[in-house]
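Participant: Quick one: the structure is below, and I'll ask about it shortly.
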Amino acid sequence: MADKTKQKLFQEFPPISTKEWQDKITIDLKGADFDKKLVWRTIEGFSVQPYYRAEHLENLNHLKYVPGEFPYVRGNKAKCNGWYIRQNINANDAKVANEKALDVLMKGVDSLGFETCCKSEYSNEEFKTWLKDISIADIEVNVTDATAAHPFVDFLKAKIEAENIDKNEIKGSVDFDPMAHLTLNGNFCKAQSDVFDTAKELIEKAKDLPKFRTIGVNGEMFTNAGATIVQELAFALAMGNQYLNLLTEKGLDVDTVADNIKFNFGVSTNYFMEIAKFRAARMLWSKIVAAYEPKNLEVAKMNVHAATSKFNQTIYDPYVNMLRGTTESMSATIAGVDSLSVTPFNKAFESSTEFSDRIARNTQILLKEESYFDKIADPSGGSYYIENLTHSLAEHAWKLFQDIEAKGGYVEAFKAGFIQDQVTESANKRNLSIATRREILLGTNQYPNALEKVEANIKEKCCTSTKRDDAIAEPIKEFRGSEQMETLRLKTERTKETPKVFLLTIGDLTMRKARAGFASGFFACAGFEVIDNLGFKSVEEGVKAAIDQKASIVVVCSSDDEYTEAAPAVLEQLGDKAITVVAGYPKSIDELKAKGLKHFIHMKSNLIDTLEGFQNELGI
C-alpha cells in the first residue's frame, strides 16, 4: 500500500503555467482588452492584476523576514498578534469620564483615550478625577489633546512616585503633534522653534517612562480629508522623519526620539489595501529610523494606533457604519496594529451613546474572543496578493516621501502648498467617484432607504479645527465622503411637499424593469418619493396616471428602440405639467434631444449635479 502521508495535495492535477492561464483568459475575453477589462487602476497610482501566482513573489525582498524581526513588515510581535482595545471617552466632565472609564474597563477595554474639546487649561485635580480607582499599571492610558501633554506627564510622574507604582509598567501616550496643528489650522500654536523645543522638553520629562510615548504623528487626518493610502503613508512618514531630524539636532539621541513617537492612522474599507498599508508603514519607518544609526534597532518598531474611518461614515442608513467599522477593524488587526479604537457608528451626527459605544467596543472583542485574531502573527503573510500590495504601496509611498524630503521636509512642503495640492486632488477625485457611483456608499449613493428622515437626529457638532488668523499656509479640511449627497437629500427633506417621481414603464419587460430599478435608486438618493408601476399599454395611459398622481418628474422606462416613439410622445402629452426624463443612454439620444428631450439619467451621470439640477427646476 502506498504511503499516503507523503502524497502531495492535488497531485492529480497537472501544473498550469501563467501563459496557459493568460491564453485561457484571452479566449474568454473574446477580443476585449485584458488591461481595460481586468486590471484595477487604483487611485493610489498603480495597477493591480486580477490574479497573482507564486512567481510574483520572486523579486519581493521583504519576504525573507519573520514576524518580530527588523524591518518589522510582518509585525512587531513574534508569537502573537495582540492589540489594545481602546475606547475613547469625552473627558470634558471629569467625573462623568471617570464613571464611564470604570464601566468600560469592566467590559473588555484595556486602553482608554481621554478626549477633550476646546480646553486650554488642565489641573491635577481634573486628571486625578479621570483616573480615580483605576489601576494605571494594568491598562494603557492615552490623552489626545496636545494642550494636556505637559501637565498630564507631570501629574503622571507625581502619581507614580506618590503611589510607588512601577514606572516600567506605565503604558500609553500623550498626543503632542505640532505638525498636525499646522496641517489642520495653517500655523503652529506658537513660534516654530518654540514648539519643537517644547517637544524636546516633553520627551526629556517622560524619559523615565519607557512604555509611554509623547509625540504623535497623525496620519488619520489625511484619511479623513480624502487622501489616498499612499499619501497618508508618505505624509505621516515625512512628519515622523522631521521629528527625528529636528529633535536629534536639538541634542536628543535618535533612540530616545524614535521610542517616543506614536503613529495614529485611519483605516478605511479598502480591506486588503489597508492590511498592506500597515505592513508597508512598519517597513518604511524602520528603514528611516535605521538611517539615523540607533544603538538599538528595536526603536525602529513603529508603534501604531488605528482608528476606523470617519470619512466613510454616513448620516443616512447609519447602522451600515457598524459594518464598515467591522471590516476596517479586521484590516487593522490582521495587519498587526498595536491598538485600535472603533469610531461609534453615530459619530457623524451626534455624540456617542451607550449603545453605539457598546457596539464599537464589542466589534473588537468579537475579533479577539470569537475569531481569535490575536493568536496568529501576520496571518496575511505569504499571500500573493497582499505581499504584492505591500510592495506597491511601499514603493509609491517611498517615492512621494522622497519628493517631500527634496522640498525640505514636511513643514516646508506644507508651507509651499505641496501637501494641500496632493490632498485636494485626491479628495476631488474621490468626490467625483462618489458622485458617479464608482465609489459606493451604501444607503447614500446606492440602495438608499427612500423613506428615511434624519434631520431631527442631527445634533450640534463639537468644535472643529479652523484656519488661524495668522495662518502661513492653507490648512487641509477634513470631511466625510457622503456630505455632498447628504446636503442634497436634506434639502429635499426640508421641503413642505416631497417631489414625486413617476416611473412610466412601457414596452419591453426586461428593459423597463431594469431601467425602472435604476431610476428608482437614482432619485431615491435625493429623497424623492418614487412611484413604480407594473407597466402601461400605451403612452396615453401612463401619462394620465402620472398626472393623476401629481408627479413632478416622469421617467420613461423602456428599451432603446421603443424610446424613439415613446419618449417624445410622453414629452408632448405632459407638456409643462412635469419634467420628462429618459432612463438610459439610448442609441438615438441625439435624435431625442432634437425632439426636445433634455434629461437623461444613466450609469455615467453625475448623481449630485443631476439631482441638484432637478431640485433647482422644482424650486427646492
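Participant: Filtering the range 164-180 down to residues that are part of a helix (DSSP H, G or I) and in contact (Cβ under 8 Å) with a residue 40 or more places away in the chain, which residue is surrounded by the fewest Cβ atoms within 10 Å (Cβ to Cβ)?
Facilitator: So, considering only residues that are part of a helix (DSSP H, G or I) and in contact (Cβ under 8 Å) with a residue 40 or more places away in the chain, the one surrounded by the fewest Cβ atoms within 10 Å (Cβ to Cβ) is Asn168.
Participant: While we're looking at this one, here's another question. Can you name every residue in the range 181-200 that is surrounded by fewer than 24 Cβ atoms within 10 Å (Cβ to Cβ) and part of a helix (DSSP H, G or I)?
Facilitator: Initial filter on the range 181-200 (surrounded by fewer than 24 Cβ atoms within 10 Å (Cβ to Cβ)): 181, 184-198, 200.
Answer for the range 181-200, where residues must be surrounded by fewer than 24 Cβ atoms within 10 Å (Cβ to Cβ) and part of a helix (DSSP H, G or I): His181, Leu184, Asn185, Gln192, Ser193, Asp194, Val195, Phe196, Asp197, Thr198, Lys200.
Participant: With the requirement that a residue be surrounded by fewer than 16 Cβ atoms within 10 Å (Cβ to Cβ) and not aliphatic (A, V, I, L, M), what does the range 419-445 give you?
Facilitator: Asp421, Glu425, Asn428, Lys429, Ser433, Arg438
Participant: Here is a further query. State all residues of the range 446-473 that are surrounded by fewer than 16 Cβ atoms within 10 Å (Cβ to Cβ), among the aliphatic types (A, V, I, L, M) and within 19 Å of Gln313 (Cβ to Cβ); if no residue qualifies, say none.
Facilitator: Hits for the range 446-473 are Ala456, Ile458.
Participant: Still on this model: Go through the range 21-75 and report how many residues are β-branched (Val, Ile, Thr) and farther than 21 Å from His396 by Cα.
Facilitator: Total satisfying the criteria: 4.
Participant: Separate question: Would you pick out the residues in the range 207-220 that are surrounded by fewer than 24 Cβ atoms within 10 Å (Cβ to Cβ) and aliphatic (A, V, I, L, M)?
Facilitator: The answer is Leu209, and nothing else.
Participant: How many residues are in contact with a Leu (Cβ under 9 Å, 6 or more places away or on another chain) and of a type in the set (Ser, Thr, Tyr) when one looks only at the range 90-117?
Facilitator: Of the residues in the range 90-117, 1 are in contact with a Leu (Cβ under 9 Å, 6 or more places away or on another chain) and of a type in the set (Ser, Thr, Tyr).
Participant: Which of the residues spanning the range 162-220 are outside the structural domain of Asp338 (by TED's automatic domain parsing) and at pLDDT below 95?
Facilitator: none
Participant: Which residue out of Ile476, Ile506 is closer than 30 Å to Leu182 by Cα, buried (at least 17 other Cβ atoms within 10 Å of the Cβ), aliphatic (A, V, I, L, M) and modelled with pLDDT of 95 or more?
Facilitator: Working: Ile506 fails: closer than 30 Å to Leu182 by Cα.
Within the list Ile476, Ile506, the selection yields Ile476.
Participant: Can you say whether Phe502 is aromatic (Phe, Trp, Tyr) and within 30 Å of Lys537 (Cβ to Cβ), as far as the supplied structure shows? Steps first, please.
Facilitator: Numbers: aromatic (Phe, Trp, Tyr): yes; within 30 Å of Lys537 (Cβ to Cβ): yes.
When the stated conditions are applied, Phe502 passes them.
Participant: Look through Ala94, Ala32 and report the one residue that is small (Gly, Ala, Ser), farther than 30 Å from Pro379 by Cα and at pLDDT 95 or above. Steps first, answer last, please.
Facilitator: Numbers: Ala32 fails: at pLDDT 95 or above.
Only one candidate passes the filter, namely Ala94.
Participant: Tell me yes or no: at least one residue of the range 91-106 is buried (at least 21 other Cβ atoms within 10 Å of the Cβ), touching a residue at least 12 places away in the same chain (Cβ under 8 Å), closer than 21 Å to Asp145 by Cα and of a type in the set (Lys, Arg).
Facilitator: Checked against the condition, which is being buried (at least 21 other Cβ atoms within 10 Å of the Cβ), touching a residue at least 12 places away in the same chain (Cβ under 8 Å), closer than 21 Å to Asp145 by Cα and of a type in the set (Lys, Arg), the range 91-106 yields no hits at all.
Participant: While we're here: Which numbered condition in (1) touching a residue at least 24 places away in the same chain (Cβ under 8 Å); (2) of a type in the set (A, V, I, L, M); (3) farther than 20 Å from Gln87 by Cβ is the only one that Val337 fails?
Facilitator: In the conditions (1) touching a residue at least 24 places away in the same chain (Cβ under 8 Å); (2) of a type in the set (A, V, I, L, M); (3) farther than 20 Å from Gln87 by Cβ, Val337 misses (3) alone.
Participant: Oh, and also: Of everything in the range 356-396 that's outside any loop (DSSP other than H, G, I, E, B) and β-branched (Val, Ile, Thr), which residue is farthest from Tyr51 (Cα to Cα)?
Facilitator: Ile359
Participant: Under 7 Å between Cβ atoms, at least 6 apart or on separate chains: pull out the pairs that start in the range 67-81 with a residue that is of a type in the set (Ser, Thr, Tyr) and end on any residue that is assigned to a loop (DSSP other than H, G, I, E, B).
Facilitator: Tyr72/Lys301; Tyr72/Met302
The values are calculated or read from the model by the stated rules, or taken from the named source; none is laboratory data. Since we're looking at a predicted model, the values are computed, not measured. Every residue, glycine as well, gets a Cβ built from its backbone with ideal geometry; the counts of neighbours run over all protein chains shown.
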